[in-house]
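Student: Questions regarding the structure given below will be posed in turn.
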Amino acid sequence: MANHKKDADLHSDENSDQELDRRTFMGTTGGLLAALASGGLAANSVQAHATGVHNSVDDVIRVGLVGCGGRGTGAATNALNVEPRVRIVAMGDLFMDRVENSRQNLLDGDHGDRIQVSEEMMFSGFDNYENVIKNCDVVILASTPHFRPQQIEKAVEEGVHVFAEKPIATDSIGVAKVRAACEKAKEKNLTVVSGLCYRYQKSKQETIDRIHDGSIGDIINLQCTYNTGELWYNGRKDDWTDMEYQIRNWYYYNWLSGDHITEQSIHSIDKIMWAMKDVPPKKCTASGGRSRRTEEKWGDIYDHFNCVFEWETGEKLFHSCRQWSGADGNVSDFVYGTRGTAAIQANKISGEVNWRYKGSGEDLDMYDAEWAELFKSFKGERPLINDGEYMCNSTLVSIMGRMSAYTGKSLTWEQVSGSQLDLCPPSYEFGAAPEVVIPKPGSTEFI
Ligand SMILES: NC(=O)c1ccc[n+]([C@@H]2O[C@H](COP(=O)([O-])OP(=O)(O)OC[C@H]3O[C@@H](n4cnc5c(N)ncnc54)[C@H](O)[C@@H]3O)[C@@H](O)[C@H]2O)c1
């Protein structure tokens, strides 16, 4: 069993070698030793941070998974792909059948020998995340988005490094909690990597660098589109309570998913925010509705949104997203400047400068790349990664678009940041579910 002392305690002088937390060894000592060997750190600074070093290439890195769906299973595989020391040691989901299914998939995969999840380390129920977090060094948080704030808070409290899928919350209160937890993570030297994966894709990094270097001049306007088809529906079983039914079909309930603008098109919004150096827009005016999602089974979310975001400095973002099967799909994002245009998704610049990313043939898949960087940060081989600010800002921009469309009101960043709308149900138990109320612009109030 792991020692669960907080890192802040562990760095204090009275800690003996034996008490030093395993996560502290594994997360910092490799890099500190490397830095010492290369003359990059004074010996006393190593002593201050890493008394009792026993890190070696044979030490395993215990990874836990919370949310055993498609992405969670995929993220566990990405972690295994890039780091031979990884063992998957604990898994949790609200539902045991999801844990069993994911565990079997991992056992049948390329790294089956490193799936070391005993029955005692398979957790279900609303407290599953607490048990997983207590038993790992790095946790993958890939459940339904609503639960992310409580999970991130717990991981940081326990001194566990975090990989957090997008979005990180479904309301502003949740975003504020994650922001505070990410600040604490910095104090505790904990890595926080976001699942906003394009930030780790080499082609996007190069394209955004060129925007920032002035290849298209000053930014005038921006546009992004996330038009896709419809998604899955898991039906209903007789023995499911209303709460289980909603969570099994989480995508269609705003309290659980944040609606598709937050759950899906956040990827495009995030690329735009990156191009805008993560400065949030000052205002949003949006519309949206349900043209195809008219049946009860589609819960309360919309199927299309159109938003105009405006920055203090005058730039405007025109964003649209929809989920209509049979209609044309389009995922693209453009930045229009005084000297040219960047097509971010296409990795291309045109105008006075003409450039297209060609790749080296050796670029890591972006889902592997985020894990490669996470482990470098964990081992101290690069500066600590804390993606907290942008994952919170991009989530909140998407919530801003949703709230403006739901209410029919133009909303400012300050209003949305301070929104008191709390989408948490009165209690987390399998029984009644939150009432389904479809938002109506003009009468739904901004809270
Ligand atoms: N970065 C990406 O490209 C990418 C791709 C796919 C999904 N995602 C994100 O990953 C998350 C999961 O998506 P998915 O496609 O894997 O969905 P999924 O439905 O396949 O998996 C979600 C899992 O979370 C479980 N769950 C629900 N409540 C839980 C709780 N309180 N604790 C633990 N588990 C709980 C569900 O039972 C389910 O097994 C979403 O936030 C989604 O946006 C990101």
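Student: Please list, by residue number, every one of the GluC sites (Glu not before Pro) in segment 389-447 that is coil in DSSP and has at most 15 other beta-carbon atoms within 10 Å.
Tutor: Sparse-neighbourhood loop GluC sites (Glu not before Pro): E429, E435, E445.
Student: Let me ask you something else. Among H146, H212, which comes first, second and so on when ranked by fewest other beta-carbon atoms within 10 Å?
Tutor: H212, H146
Student: Roughly speaking, what is the stretch gain from E295 to D213, that is 0.36 nm per residue apart minus the C-alpha to C-alpha distance, in nm to one decimal?
Tutor: 24.7 nm
Student: Hey, another quick one. Can you tell me how much longer the chain between E435 and K186 gets when fully stretched, taken as 0.36 nm per residue apart minus their C-alpha distance, in nm with one decimal?
Tutor: 85.8 nm
Student: So what is the calculated 222 nm ellipticity per residue for the chain, using -39500 (n - 2.57) for each DSSP H run with n of 4 or more, over all residues, to the nearest 500 deg cm²/dmol?
Tutor: -10000 deg cm²/dmol
Student: Using only alpha carbon pairs under 8 Å that are at least six residues apart, calculate the relative contact order of segment 329-377 and give it in whole percent.
Tutor: 19
Student: Listing R98, R402, R71 from the residue with the fewest other Cβ atoms within 10 Å to the one with the most, what is the order?
Tutor: Going from least to most buried by this count: R71, R98, R402.
Student: Would you kindly give the portion of the calculated P(r) for segment 297-447 that falls above 19 Å, as a percent of all Cα pairs?
Tutor: Tail of P(r) above 19 Å: 72 percent of Cα pairs.
Student: What per residue convex hull volume, in Å³, comes out for segment 240-280 when only alpha-carbon positions are used?
Tutor: Roughly 58 Å³ of hull volume per residue.
Student: Among the GluC sites (Glu not before Pro) in segment 278-334, which ones are in a DSSP loop with at most 10 other Cβ atoms within 10 Å of the Cβ? Mind listing them? Walk me through the numbers before you get to the answer.
Tutor: Numbers: sites: E295, E296, E310, E312, E315; in loops: E295, E312, E315.
Taking segment 278-334 and a limit of 10 other Cβ atoms within 10 Å, the loop GluC sites (Glu not before Pro) found are E295.
Student: Hey, another quick one. So which residue, out of R85, R103, R179, gets the largest mean-square fluctuation from a GNM of the chain using Cα contacts under 10 Å as springs?
Tutor: Result for the chain, Cα springs under 10 Å: R85 fluctuates most.
Student: Need the list of lysines near K440 for cross-linking: C-alpha distance under 22 angstrom, and skip anything on the same chain fewer than eight residues off.
Tutor: Leaving aside lysines fewer than 8 places away in the same chain, those within reach of K440 are K283, K297, K409.
Student: Quick one: what do you get for segment 50-177 if you divide its Cα Rg by 2.2 N^0.38 Å?
Tutor: 1.03
Student: Let me ask something else. Fewest Cβ neighbours within 10 Å first, please rank C68, C197, C392 accordingly.
Tutor: With the sparsest Cβ surroundings first, the list reads C197, C392, C68.
Student: Turning to a different aspect of this structure: Quick check of the Kirkwood formula: for the chain, what is the inverse mean of 1/r over all pairs of different Cα atoms, in Å?
Tutor: About 23.0 Å for the chain.
Student: Do the alpha carbons of any pairs in K184/K348; K358/K379; K154/K271; K166/K379; K166/K376; K177/K316 sit beyond 26 Å of each other, and which pairs?
Tutor: On the way: K184/K348 38 Å; K358/K379 31 Å; K154/K271 28 Å; K166/K379 24 Å; K166/K376 21 Å; K177/K316 29 Å.
Table pairs above 26 Å Cα-Cα are K184/K348; K358/K379; K154/K271; K177/K316.
Student: Counting pairs of Cα atoms in segment 94-155, how many percent are more than 16 Å apart?
Tutor: In whole percent, the long-distance tail amounts to 48.
Student: Based only on Cα atoms, what mean projected area does the convex hull of segment 270-379 have, in nm²?
Tutor: Here the figure is 11.2 nm², rounded to one decimal.
Student: Next up: Name the long-range amide H neighbours of F123: under 5 Å, sequence gap of 5 or more, or other chain; modelled H, no Pro or chain starts.
Tutor: M91, G92, D93
Student: Placing one identical point scatterer on every Cα of segment 115-192 and ignoring solvent, what is log10 I(q)/I(0) from the Debye formula at q = 0.14, 0.16, 0.18 Å⁻¹?
Tutor: One equal scatterer on each Cα of segment 115-192 leads to -0.42, -0.55, -0.69.
Student: I would also like to ask the following. Remind me, relative contact order of the chain in percent, using alpha carbon pairs under 8 angstrom and six or more residues apart?
Tutor: 19
Student: Let me ask something else about it. In terms of modelled amide H atoms, which long-range or inter-chain residues lie less than 5 Å from the amide H of G289?
Tutor: Sorted by chain and number, the residues that satisfy this are D303, H304.
Student: Still on this structure: Students often get this wrong: which residues of segment 190-234 have the backbone nitrogen under 14 Å from the point 7 angstrom along Cα-to-C-beta of T313?
Tutor: Flagged as within label range: 211-222.
Read-outs throughout are calculated quantities, based only on the coordinates presented, and are distinct from any laboratory measurement. The shown structure was predicted, so the numbers you read here are calculated from the model rather than taken from an experiment. Cβ sites come from the backbone with ideal geometry, for glycine too, and all protein chains shown count toward neighbours.
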